[in-house]
Amino acid sequence: MKSNAGGCVVWVTGLSGAGKTTLAENACRYFKDHSKRVEHLDGDRIRKTFPTGFSHEERDEHILRVGRMASGLEREGILVFASFISPYQMARDKVRQMCSRFIEVYVNTPLEECERRDDKGLYKKARLGEIKNFTGISDPYEPPVKPDVVISTVGCSPQESCDQLINSLLRIFELRKN
């Protein structure tokens, strides 16, 4: 990808513990190493800046706020990786509409595997009723209807999953140039 190429929003969605942040961080590193202007917006970090609740409406509002930020960065020629659970299809579709170039990446990791990886104990707390509106347990996750890229992190190292993502993105960027 040329360093002067236009911006793009790569929206990485999936359950908590699916591997979204790790994928986005590794992909950012790759593109920065290849002289691309890159920004990573991550759910955990952004929530500290824009604290909101976890109701359906509050989550949608949060995702749309992040989507506006991502589309603004995209207009400045920045490749934006946004790693968010973003559980609802309609909110992701609205973000897609805000962006000129939007690539939806679905990190398709089964709930059981996400729970196994859960080093913070969030799934356990959610199953005990200590956390309300937890995606995958007491709140739904709507998998993307037509994602541009699907990555399965089961049986792959983080680097192998990242290589899959980078190769998919490079193909998409090449196709969009023509």
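The values are calculated or read from the model by the stated rules, or taken from the named source; none is laboratory data. For clarity, every value in this text was computed on a predicted model and none was experimentally measured. Here Cβ is always computed from backbone atoms with ideal geometry, including for glycine, and neighbour counts include all displayed protein chains. Quick note on the areas: whole protein, heavy atoms, side chains included, nothing else; ligands and nucleic acids left out. Shrake-Rupley method; radii C 1.70, N 1.55, O 1.52, S 1.80 Å.
Data table
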item	result
Selection within the range 100-122 - open to solvent by less than 20 Å² (accessible area, probe 1.4 Å) and either of a type in the set (Ser, Thr, Tyr) or within 16 Å of Asp148 (Cα to Cα) (or both)	Phe102, Ile103, Glu104, Val105, Val107, Thr109
Residue check for Ile151: modelled with pLDDT under 95 and surrounded by 15 or more Cβ atoms within 10 Å (Cβ to Cβ)	no
Counted residues, the range 16-58 - those being in contact with a Ser or Thr (Cβ under 7 Å, 6 or more places away or on another chain), surrounded by fewer than 19 Cβ atoms within 10 Å (Cβ to Cβ) and assigned to a loop (DSSP other than H, G, I, E, B)	1
Single condition Thr13 does not satisfy, out of (1) open to solvent by less than 10 Å² (accessible area, probe 1.4 Å); (2) touching a Gly at 6+ places or on another chain (Cβ under 7 Å)	(2)
Verdict on Leu73 being open to solvent by 10 Å² or more (accessible area, probe 1.4 Å) and either within 15 Å of the chain's Cα centre (by Cα) or at pLDDT 95 or above (or both)	yes
Which listed residue, of Val80, Val66, is open to solvent by less than 50 Å² (accessible area, probe 1.4 Å) and either in contact (Cβ under 8 Å) with a residue 60 or more places away in the chain or touching a Lys or Arg at 6+ places or on another chain (Cβ under 8 Å) (or both)	Val80
